[in-house]
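Contents: one structure, followed by commentary.
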Amino acid sequence: IAVLQIVKESQQQHGLRHGDFQRYRGYCSRRLRRLRKTLNFKMGNRHKFTGKKVTEEILSDNRYLLLILMDAERAWSYAMQLKQEANTEPRKRFHLLSRLRKAVKHAEELERLCESNRVDAKTKLEAQAYTAYLTGMLRFEHQEWKAAMEAFNKCKTIYEKLANAFTEEQAVLYNQRVEEISPNIRYCAYNIGDQSAMNELMQMRLRSGGTEGLLAEKLEALITQTRAKQAATMSEVEWRGRTVPVKIDKVRIFLLGLADNEAAIAQAENEETKERLFESLLSECRDAIQAVREELKPDQKQREHSLENDSGKVSNIQYLHSYLTYIKLSTAIKRNESMAKSLQKALLQQQRSEEDGKRTPRPQDLIRLYDIILQNLVELTQLPGLEEDKNFQKEIGLKTLVYKAYRCFFIAQSYVLVKKWSEALVLYERVLKYAREVQSGAGAHTNSLKELPDVQDLITQVNAEKYSLQAAAILDANDTHETESPSQVKDGKPLSERFETFCLDPSLVSKQVSLVHFPPGFQPIPCKPLFFDLALNHVAFPPLEDKVEQKAKSGLTGYIKGIFGFKS
């Protein structure tokens, strides 16, 4: 069986890609159950447990070796899970060591079974290397450095020989395992007494982009411990002509490691490693600033009194706080500038990225980064104790102009993308204005501007962009006139209303052709006339006085005549 290949594939597919050891342990348990059921190698029944051991006599199938391997992997994954939990619950470390011993026991049983004549030479070597690896990890946890180093060296030697014996495709896996255990070997050598191993560990940490697994926490603790020993001799720091005593141990350790961290960032091979180192440095800086703030709080009243006596001169602890804040803001500026450079390279390769179907960077992304940089520069000018430092304020002013120039340049680029030619041209002129101001005021501050982007390159690029912008604007104006010719304008009217006008309308041959307005719109019609009797007020009716009088004369006589039917 290919022990290392089986182990690596199982780990990558079942949780270890995300550091989920509990999920991998569950997978090992399920696979063990499936193997026992398939091989009919059950440990009794549901009522009674009957232990069985894999012996050479029953070793007729390689799945019996897989049983032992999965037992070892299950114990190892449980140990790694407990290692994660032991950070908050130290008592679990005892259980961790117990599970590692169990894993080594299963690995030794696997090695013993592989000594059989039925097993090929490659499997024998891989079983020996696997046992040596787990033994080394157990001794490493026990801090038995010499025994751990011997076990890791044995593992490394076997895997190197296997890598040389097979093709390049098969050797990749073995070489990866050799790279994993090399930092452990150097760490053991350092603890035994090899001081040169410390430098090699730092280089490994830098090349690999951060150590992983068992060694990561121990290496970071070792670096902190080494700096703490050096910090005992550090008592003060000098910045901008003023010497400040440093009494806080955390600040001493940070300042001692500052140069090493900056050197590591400069030597980083890729952007991912550089970003990780920047984040690590900023995290340490924030911790140091927090330690200084805690010292500032109880000394608040005394500090205010000293400000009055010293005519505005800040106290030593406040000046140290300003220095650490300066380091934090400067590091943030360098990080954002590094990200901006990588985005600029991606912008140059934009066409190829579009073909690959990936999200392409835009000038707006760079504008955001330069906004943050300018905000950090504003905070630098407001640091206590530096308000009267004319040289410092001048340097920050020049840096601000440089980053404003680059910010304007990328704003102009974003306007070019949406064909706003006049706005882009005005912004290009603003870029040239900022760049000339930097060149005219750089005189005595040339050294402080060496780390900044070159302004002369920006001027050259802007001049080239201006000419291409003017040409694009002229071409765009010609295209606009052509598109606005009467033969190509569609005014939205249906075909029934524009018979007299020739118009190229592609929609006439599509499924959504516009022939008439449907439903048709309402049209005004005359309504039914209303009759008003206006003549009634002007009509003269005949007089009725004679009838009214006759009716008045008929009294009782008329009434009687009416009863008996006598009418006049």
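The values are calculated or read from the model by the stated rules, or taken from the named source; none is laboratory data. No experiment lies behind these values; they were computed from the predicted model shown. We place every Cβ from the backbone using ideal geometry, glycine too, and count neighbours over all the protein chains shown. In case anyone asks, the SASA skips ligands and DNA or RNA and just uses the protein heavy atoms, side chains included. Shrake-Rupley method; radii C 1.70, N 1.55, O 1.52, S 1.80 Å.
Mind ordering 513-520, 103-110, 369-376 by average Cβ neighbours within 10 Å, highest first?
Highest-to-lowest ranking by the protection proxy: 103-110, 369-376, 513-520.
Dividing the mean sequence gap of close Cα pairs (under 8 Å, 6+ apart) by how many residues region 80-164 holds gives a relative contact order of 23 percent. Rg then Dmax, both in Å and based on the Cα atoms of region 51-208: 17.0, 51.
For region 362-476, with all protein chains in place and a probe radius of 1.4 Å, 52% of the accessible heavy-atom surface sits on carbon or sulfur.
What is region 1-157's relative contact order, in percent, from Cα pairs under 8 angstrom and six or more apart in sequence?
21 percent
A Förster radius of 35 Å combined with the Cβ-Cβ distance from Ser440 to Ser468 puts the calculated FRET efficiency at roughly 0.80. For region 362-476, relative contact order (Cα pairs under 8 Å, six or more residues apart, normalised by length) works out to 27 percent. Inter-part distance, region 257-283 to region 78-130, computed on C-alpha centroids, equals 36 Å. Centroid-to-centroid, using Cα positions, region 28-52 and region 385-432 are 72 Å apart.
Set the bar at 22 Å for Cα to Cα. Now go through Lys274/Lys390; Lys420/Lys466; Lys124/Lys154; Lys313/Lys390; Lys42/Lys102; Lys53/Lys161 and name every pair that lies beyond it. Lys274/Lys390; Lys53/Lys161, as the Cα separations exceed 22 Å there.
Name the shape class, rounded, prolate or oblate, that the alpha-carbon gyration tensor gives for region 362-476, where a ≥ b ≥ c are the square roots of its eigenvalues, rounded holds for a/c under 1.5, and otherwise prolate holds if a/b is larger than b/c and oblate otherwise. Because a/c hits 1.5 or more and a/b exceeds b/c, region 362-476 counts as prolate.
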